[in-house]
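Step one of this worksheet: look at the structure below.
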Amino acid sequence: MSLPLSAGQRSHRAWPETLHAEWTKLRTLASTGWLLAGAVALTVAVSTAAVAAAAVAPGVDLAKLSLTGIQAGQAVAVILAVLAISNEYSTGMIRVTLTAMPRRHTVLAAKAALVGGLVLAAGAVTVLASVLAGRLILPERGFTPANGYQLLSLGNGPDLRAACGSVLYLALVALLALGIAAVVRDSAVAIGTVLALLYLFPIAAAVVSNHHWQRHLEQIGPTTAGLYIQATAGVHALPLTPWQGLGVLALWAMGALILGGLVLRFRDA
Amino acid sequence: MTTITPYRSPVQDGPDGFPQLLHAEWTKFRTVRGWVIGMIVAILVTAGLGLFLVAASGNVSCGVSSTGGGSGPVRHGAAACGPPPLLQGPAGEPVTDSFYFVRQPLTGNGSITVRVTSLTGVPPGPMQPGLMPWSKAGILIKQDLSQGSAYAAMMVTSGNGVRMQWNYTGDTPGLSGAVSAASPRWLRLTRDSDTITGYDSTDGAHWTQVGAVHLAGLPSAVQAGLFATSPQYIAISTSFGSGNVNNNQTVATAVFDHVRRSGAWPAITWTGGDIGPATEGIQGFPQGYHQAAGRFTVTGSGDIAPAIPGPGNGNEGHEPIGFFLAGTVAGLIAVIVVATMFMTAEYRRGLIRTTLAVSPVRGRVLAAKAIVIGSAAFVTGLAAAVGTVIVATGEAHASGYSLWPVPWPAELRLIAGTAALVAVAAVLTLAVATMVRRSAAAVMLVIVAIVVPYFLTFTAAVPAVIGEWLLRITPAAAFAVQQSTPRYHQVQAAYLPGLGDGFFPLAPWAGLAVLCGWAALALAGAAYLLRRRDA
């Protein structure tokens, strides 16, 4: 017969157990695996297509070009993150979850850690495959050292920064989606909101003809600023440094998670 | 043996036709507050973004004070800075009008005939072609020497044979093939009151009429003579997230002889001059003309053609109204979410079983739902487009931003097309949602099909080649209804969807048809699965 745990022991074990519970929920959903595979496949497909269609022209940023697919693949990462929360609301599971673990912040933190970790892992695979595709295909498209283009290489500082940064970018986008899903709860609304947020700033920046506004839109947009991390050419002309840009996205993700945490804390499930 | 009469309700059967089904679905739609709010959000986001884009575009800052007084950016009046005003042709459409003109006044009726023996450019280089396909030279009758005035011309072109062109947008082909000393081209323009007729010939004896055009209000005294011009060479490279457009001048040099005139030509000598701002031509090939022993050598640079909007074409700062409908894509996301939930909510709540018990013919349920969500989305799209056009035009007037003029039929098509685009996209979403039943999957599929291709192309995230194909085959092709200005085959320009040019590879209604095709396909699949699967 096991003795009931004391309060101190319980709080000590709360975190690993919540993490374990959340991991079981995430792992046993069929959609998780499919979505991760889909994110990898879509990203690598779009990146490869972009690289295969590239033509030699002045100012082509090879690292950026071979990581183009991130822009499409992020949509799938968003779905994964949103479903981690909204599935619980649509089935009523959230009430069981919160009964088992009444510390609501801990639940959200565990979900964020697991979703972030999974997307980091998938992102690493994706980025490696995309960079490899770029390295193999770009020389055939005329981007050879003889023409003044270096081969993509993770031993090269800016290329490495672009690759690692893209992995972080995907994880941050997933965290942003998780936070928004905790606020709006419904999967369709959450996905719509996040994707509008991600895709609207670049479209608006492309349309507006005033360079002053264009710069501002790019600086504050989660996608536009976040993707500065992929820039390896003309870095000095960017409105923000690459890491500052990724910081803007991190602020968005943090803001969304804090808001999501507050809503989770103060609203009935 | 007794017969048992089965129980029958004394209540009379209510009508259960299609109108009742429509009414039921409409009631479901209008009584969910979140869905109605979603549609209103779609309208507000679209119009709000349009308003913002005009306000941001109109608010052109004029750079830093050149005197360096330390006062920071200095704003000048709208006339002092911002884009140059648009040059407009006889019908009010924006035009380009710059060429080298060797002319004399012609009073009353008359004609001019020439023989062209060559059309050449500078020797081509790696970044510099010699001639453009639409480099042109020939004879021209023009209302006066001001830019944008009415004209008609017969010309030889570098890659498109003999053409008759008039009033910037008119273009009719004549003889084909390039001009050379071995195969010269004879050109003739005849003026009769305000009708100008163009002829061409290979030998100066056998003439063919190419076209006869009516230039309304042509004065008695007009300018007539020889011209040459050659449009800019535009090299476009779109790399990830940025597009580079290099414009380089080209020049065309044509040799004319056998210049013959009939009618009243009061001047004795020819006068040469630039129409439009004097351009220098290319180093070593200045604009100008040379006359010796009846031979005229005319060199010019520029174009006489309709102008094409977009920074890629050197026309930044004047955008057509369709451009400010870019917020449609954001509003569309809201509509997609609502259309998804209109179906998936039935499955989530189990309401679908009640719905199908009441109306066992499942195809009819799908049809009723499609009609209701399609109509609601059409109204939403219409309100969004009309609202955007109204607020964007109003803001443009208020801030002194000059919109690229768009004729009213095109403006009407932009509005109706946007409404249709939103409606058909909603029906497509409904069908996808019926097939997959899950909100998340349905929203993702439709957004990846419509929004992502538009995004990838519009922001030049993928190379232009891929972007063009995405806008041909994916449902995003329907955004072609938002193209404000037509492509002109006689103008080589950056007709790109990205770079702020707003052009699409398909014609407006063809693009919408692509989306309709996808929607029809999805509806067929949805009807099949709805009948074959348990609810």
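Quick note: the coordinates plus some simple rules give every number you see, no bench work behind them. Being a predicted model, the structure only gives us computed values, none of them experimental. Every residue, glycine as well, gets a Cβ built from its backbone with ideal geometry; the counts of neighbours run over all protein chains shown.
Relative contact order of segment B:95-306, taken over Cα pairs closer than 8 Å and 6 or more residues apart, is 33 percent. Each residue of segment B:516-524 was assigned a 3J(HN,Hα) from its phi angle through the Karplus curve 6.51 cos²θ - 1.76 cosθ + 1.60 (θ = phi - 60°); the sequence is 4, x, 4, 5, 5, 4, 5, 5, 4 Hz, with glycine and proline shown as x. Comparing A:Leu132, A:Leu246, A:Leu175 in a Gaussian network model of chain A (Cα springs below 10 Å), the most mobile by mean-square fluctuation is A:Leu132. Annotation: extensible slack from B:Asp203 through B:Thr354 equals 46.0 nm (criterion: 0.36 nm per residue apart, minus Cα-Cα distance). Note on segment A:57-130: the C-alpha convex hull projects to 6.3 nm² when averaged across all orientations. Quick note on the protein assembly as shown: its Rg to Rh ratio, both from C-alpha atoms and Rh being the Kirkwood radius, is 1.07. Cα-based radius of gyration for segment B:95-306, normalised by 2.2 N^0.38 Å, reads 1.00. With each label modelled as a point 7 angstrom along the Cα→C-beta vector, the B:Val465-B:Arg295 pair spans 4.5 nm.
The overall shape of segment A:204-260, judged from the alpha-carbon gyration tensor, is oblate: a/c is not under 1.5, and a/b is no greater than b/c. Straight-distance candidates among the lysines for linking to A:Lys25, with alpha-carbon spacing under 24 Å and chain neighbours fewer than 8 residues away dropped: A:Lys111. Take the Cβ atoms of B:Leu529 and B:Arg364, set R0 to 22 Å, and the FRET efficiency comes out at 0.90. What angle, in degrees between 0 and 90 and rounded to the nearest 10, separates the Cα long axis of helix B:33-58 from the longest principal axis of the Cα atoms of chain B? In chain B, helix B:33-58 runs at an angle near 20 degrees to the longest axis.
For the pair B:Ala398 and B:Gln88, a Förster radius of 30 Å applied to the C-beta separation gives a FRET efficiency near 0.85, rounded to the nearest 0.05.
The simple spin-label model puts a point 7 Å past each Cα toward its Cβ; for B:Ile390 and A:Ala146 those points are separated by 6.4 nm.
Rounded to the nearest Hz, the phi-derived 3J(HN,Hα) couplings of segment B:260-277 under the Karplus curve 6.51 cos²θ - 1.76 cosθ + 1.60 (θ = phi - 60°) are 10, 10, 9, x, 9, 10, x, 7, 8, 10, 7, 10, x, x, 7, 9, x, x, where x marks glycine and proline. Computed on the Cα trace of chain B, the radius of gyration divided by the Kirkwood hydrodynamic radius gives Rg/Rh = 1.13.
Building the convex hull from the alpha-carbon atoms of segment A:15-266 and averaging its projection over directions returns 13.9 nm². Amide H contacts for B:Thr96 (H built 1.01 Å from N in the peptide plane; partners 5 or more residues away or on another chain; cut-off under 5 Å): B:Ala305, B:Ala307. Ignoring the sites themselves, chain B has its longest run without trypsin sites (Lys or Arg not before Pro) in a DSSP loop having at most 12 other Cβ atoms within 10 Å at B:9-532. Ellipticity at 222 nm from helices only: DSSP H runs of n ≥ 4 in chain A, each -39500 (n - 2.57), divided by the residue count, give -25500 deg cm²/dmol. When the alpha-carbon atoms of segment A:136-176 are used, the pair Rg, Dmax equals 13.7, 43 angstrom.
Rounded to the nearest 10 degrees, the angle from helix B:362-399 to the longest Cα principal axis of chain B is 40 degrees.
Relative to the 2.2 N^0.38 Å rule of thumb, segment A:138-227 has a C-alpha radius of gyration ratio of 1.44. Counting neighbouring Cβ atoms within 10 Å and putting the fewest first, the residues B:Glu395, A:Glu17, A:Glu218, A:Glu140 line up as A:Glu140, A:Glu17, B:Glu395, A:Glu218. A compact globular protein would have a Cα radius of gyration near 2.2 N^0.38 Å; the ratio found for segment B:98-188 is 1.15.
Approximating the spin labels as points 7 Å out from Cα along Cα→Cβ, the B:Ala507-to-A:Phe266 distance works out to 5.8 nm. Taking only Cα atoms, what is the 0 to 90° angle, nearest 10, from helix A:7-27's long axis to the longest principal axis of chain A? Approximately 50 degrees, to the nearest 10. A simple rule links phi to the HN-Hα coupling: the Karplus curve 6.51 cos²θ - 1.76 cosθ + 1.60 with θ = phi - 60°, which for segment A:128-142 gives 4, 5, 5, 5, 4, 4, x, 5, 7, 8, 4, x, 5, 8, x Hz, with x for Gly and Pro.
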